[in-house]
Amino acid sequence: MKHLLTPLLLLFTVATFAQTTWFNDKDLTLTGVYYYPEHWNENQWERDFKQMRDLGFEFTHFAEFAWAQLEPEEGKYDFDWLDRAVALAAKYNLKVVMCTSTATPPVWMSRKYPEILVKYEDGTIREHGARQHASFASPLYRELSFKMIEKLAQHYGNDKRIVGWQLDNEPEVQFDFNPAAELGFRDFLRKKYSRIEELNNAWGTTFWSQVYASFDEIKLPRTKQLFMNHHQILDYRRFAASQTNDFLNEQALLIKKYARNQWITTNYIPNYDEGHIGGSSALDFQSYTRYMVYGDNEGIGRRGYRVGNPLRIAKANDFFRPIQGTYGVMELQPGQVNWGSINPQPLPGAVRLWMWSVFAGGSDFVCAYRFRQPLYGTEQYHYGIVGTDGVTVTDGGREYQQFINEIKLLRKHYAPREEKPADYVARKTAILCNHENAWSIDKQKQNRTWNTEQHIDKYYRSLKSFGAPVDFITEDKELNDYPVVIVPAYQLVDEALVKRWEKYVEQGGNLVLTCRTGHKDRFGRLLEAPFRSVIDKVACNKLDFFDLLLPHDPGMVQMNGKPYTWNTWGEILIPAAGAETWATYQEEYYAGTPAITFSKLGKGTVTYVGVDSSNGDLEADVLKQLYARLNIPVMNLPYGVTLEYRNGFCIVLNYSDKPYTFDLPTGAQVLIGKKEIPTAGVLVFK
Ligand code: GAL
């Protein structure tokens, strides 16, 4: 493969990025591991910490699910055992991440205050005996949580052995029907609309006699009831996300009252569409958890499920990092898990590959889930760094050790984080995202085969094959930082946002808008104007109409003489004067009409892609043509091979089922691996 990294372009650029203050950039990354002292005989703790230290781990992680041990009776706290564990960890130079354990309230609470329990939409109430059964919307649950957290923060906030805090565990949006959630929803709506008439207007309640006379008449929408008002559901989802966000935010603010030089984060599952990630402003940065091998064949080739989806970690990196400039990965599997429908062994080397993927995206730490394999409880068959005897290091544990040693080697070659080659930086691309678009589209898909995330992934996958650094950004971020901004299926807009897009292009930005953009306002209502006309000016076209085809019989679009198939969405466009037509429909009664247009506007360009192709080939070719037109140098990596830069290092990873030979630039110094990269192999050079 010939790529564009000439020695000249390897001259590094140093951006003026603010460095994260919580981590020392020279460490590159820290590596930690989960430990639950309460699961093990205390006389084994020291042996375990010593082994952690000997393997090279730098921090451990305590008290995540230990509320029953921390507050065995209401108001009676016991931190002595935890103090002893912290002291022993410190003896072996292990820093500690402390957790708030609000994912597992003790049984006395569920029995004494059953009103704290989550209620499902069908009325079922979650029961003690698992985890995550308490309602974030319950003021009482919050109060009980804050009492315990305040004690913990008073006790550990000024303790140098504690480096940071993890709030709750994998906090999700609960979609909780607890009566407290209903009251909370009404308050949320009162604040948002102040007068009931405004709410009626926003929700279009004159339709089908849904009009409300007061906020007190409003209930949580039955999301499974056919035809339930989808404007109401949109607000309910916003409310539900805010419950998780507020709960975490309040926890963080409380800890900050006592914490000295300790960071606060939580460990989100990258459920991008739930709308809560990044929504708790008091967190210092965001972390995520990631599992790669659990039975679903998302990898490449016959046994690709042993390696995992090549972009699964990359995408989480690119989603979490832009929120606050850094991120950590709080959980990564060290081997077989127990909760998949099928739980295969990862391919030897895959665990190390994933750690390198985490690192490549710019993370500050990675933490193994977990040190010891549990002997009892829900996660019995889940691998650890050591096996059931507590001492034998697993293959995955050895891969952690290898990674840690490799990072130690790289630390000797340290360069500042933002040292990256000019051609890599030149192809930096943003994808503008707002989960509310997917929520809104999902309620009125128009074509059951439409999938917003898959639509976005078609662009993302192409960008990663270019070797481009990608940021998923939210509307509060600066568009001008990116030569190209992709705005996929952005259904909900307002004039201010569209004006920002126009300005970005006028000032020289290159905007890619895709189908379904600009149809509705933020309440999810169509605008009283020609359909989609709010974006006509910036799109440099008008939307005549859109068509949808049945899955078994795709339609045809042609670009540069090459055919592509499509089903889910096709917009028939009327280009503005001066706009170029890049692709046209080949069939149906509208054969020959434009599907993709490209225009110069002000100092920039606008590419409008009105069609969603069957397999993403069209999206890839559109972006190739665009970047060529803009003289942005791109690579041509096969699917499964990823490349990123950080700290002056280039990290090339092979998730594919074949060896891949990387064409090293002249003068490159290989630090890890070889230019022939086997499956699950890693190449690092500078
Ligand atoms: C995660 C969870 C952990 C543990 C792990 C097992 O989703 O956050 O607490 O259950 O799965 O793989």
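Summary table below
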{"quantity": "Radius, Kirkwood style, for the chain when every pair of distinct Cα atoms is counted (Å)", "calculated": "26.9 Å"}
{"quantity": "Straight-distance crosslink candidates among lysines, where the alpha carbon sits under 16 Å from Lys562 and sequence neighbours closer than 8 are dropped", "calculated": "Lys624"}
{"quantity": "24 Å Cα-Cα reach of Lys224 towards lysines, excluding residues that sit fewer than 8 places from it in its own chain", "calculated": "Lys119, Lys443, Lys445, Lys520"}
{"quantity": "Estimated vicinal HN-Hα couplings, Hz - the range 632-643 in sequence order (Karplus 6.51, -1.76, 1.60; Gly, Pro = x)", "calculated": "8, x, 10, 9, 9, 7, x, 4, x, 10, 10, 9"}
{"quantity": "Förster-model FRET efficiency, 41 Å R0, Glu38 and Gln210, C-beta, rounded to 0.05", "calculated": "0.20"}
{"quantity": "Alpha-carbon centroids, the range 544-588 and the range 644-686: separation in whole Å", "calculated": "39 Å"}
{"quantity": "Segment Arg303-Lys624, extension gain: residue separation times 0.36 nm, minus the distance between their alpha carbons", "calculated": "112.5 nm"}
{"quantity": "Simple label model, 7 Å out from Cα along Cβ direction - Ala496 to Asp25, nm", "calculated": "3.4 nm"}
{"quantity": "Cross-link pairs Lys95/Lys408; Lys408/Lys464; Lys458/Lys675 - those with Cα-Cα distance over 21 Å", "calculated": "Lys408/Lys464; Lys458/Lys675"}
{"quantity": "Dipole of the range 563-686, positive direction: furthest Cα of Thr605, Gly640, Gly673, with charges on the beta-carbon", "calculated": "Gly673"}
{"quantity": "Mean residue ellipticity (222 nm) of the chain, computed from DSSP H runs ≥ 4 via -39,500 (n - 2.57), nearest 500", "calculated": "-9000 deg cm²/dmol"}
{"quantity": "Rg over Rh [alpha-carbon atoms, Kirkwood Rh] for the range 488-536", "calculated": "0.97"}
{"quantity": "Alpha carbon convex hull of the range 333-374, projected area averaged over orientations, nm²", "calculated": "3.6 nm²"}
{"quantity": "Relative contact order [Cα under 8 Å, 6+ residues apart], the chain, whole percent", "calculated": "12 percent"}
{"quantity": "Distance from the range 324-394 to the range 149-195 (C-alpha centre basis), Å", "calculated": "28 Å"}
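Quick note: the coordinates plus some simple rules give every number you see, no bench work behind them. Keep in mind that what you see is a predicted model, and the values were worked out from it rather than measured. Neighbour counts are summed over all protein chains in view; Cβ atoms, including those assigned to glycine, are modelled from backbone coordinates with ideal geometry.
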